[in-house]
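The values are calculated or read from the model by the stated rules, or taken from the named source; none is laboratory data. Note that the coordinates shown come from a computational prediction; the quantities given were computed from them, not determined experimentally. Here Cβ is always computed from backbone atoms with ideal geometry, including for glycine, and neighbour counts include all displayed protein chains. SASA here: full protein model, heavy atoms, side chains in, ligands and nucleic acids out. Shrake-Rupley method; radii C 1.70, N 1.55, O 1.52, S 1.80 Å.
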Amino acid sequence: GTETADASGCCKICKPKSVCKVDSKRTIIKVNNCISAEPVNVTSCAGHCRSSSMYSAAANMMMHHCECCHEAKTSMKQVQLTCADGSKVQHSYTHVENCRCRQEGCAASTTTKPQRRRGR
């Protein structure tokens, strides 16, 4: 990522780059009692994207920003499967062409607001 100094100039901080890319695995596709004759490239999205959880004095609460690695473009592929009884069937599956970071809603926080003490 990028290395910079913090606001005071005292310490170095690192902001990791977003890395969201297509991951590919060769695997035998199995559906019911049918399997592909040879391994097929099955793609997915993998990596990390920007996320943060920061206190906002103006809102007096934690502000969350979440991004997840998602498919941006897909296509349908077909593979022929051979079944246990010797019959053959066509199976369609989703092939990921490319991926990108996409903003998501963050899960509700379980952090509670600090309690103020009453003076006596």
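Residue-wise, which Karplus ³J(HN,Hα) couplings in Hz belong to segment 25-34, taking 6.51 cos²θ - 1.76 cosθ + 1.60, θ = phi - 60°, and x for glycine or proline?
Going residue by residue, I get 10, 8, 8, 7, 8, 10, 9, 6, 9, 10 Hz, with x marking Gly and Pro.
At a Förster distance of 22 Å, what's the computed FRET efficiency of Asn60 paired with Cys11, Cβ-Cβ distance as r, to 0.05? Write down the numbers at each step before the final one.
Values: r = 27 Å, r/R0 = 1.21.
Efficiency at R0 = 22 Å is approximately 0.25.
Give me the percent of the accessible area of segment 1-70 that comes from carbon and sulfur atoms, probe 1.4 Å, all protein chains in place. Intermediate results must be reported in sequence, preceding the final value.
Details: 2860 of 5160 Å².
Accessible surface attributable to carbon and sulfur in segment 1-70 totals 55 percent.
Considering only the other residues whose Cβ falls under 10 Å of the Cβ of Ser51, what net charge follows from Lys and Arg at +1 and Asp and Glu at -1? The partial results should precede the final answer.
Details: positive: Arg50; negative: Glu67, Glu104.
Net of charged neighbours comes to -1.
Cys34: net charge of surrounding residues, Cβ under 13 Å, Lys/Arg +1, Asp/Glu -1, itself excluded?
On the way: positive: Lys30, Lys88; negative: Asp85.
So the surrounding residues net to +1.
For segment 41-86, restrict the atom set to alpha-carbon positions and state the Rg and Dmax in Å.
21.1, 68
How much accessible area per residue does segment 3-44 have, in Å², with a 1.4 Å probe?
78 Å²
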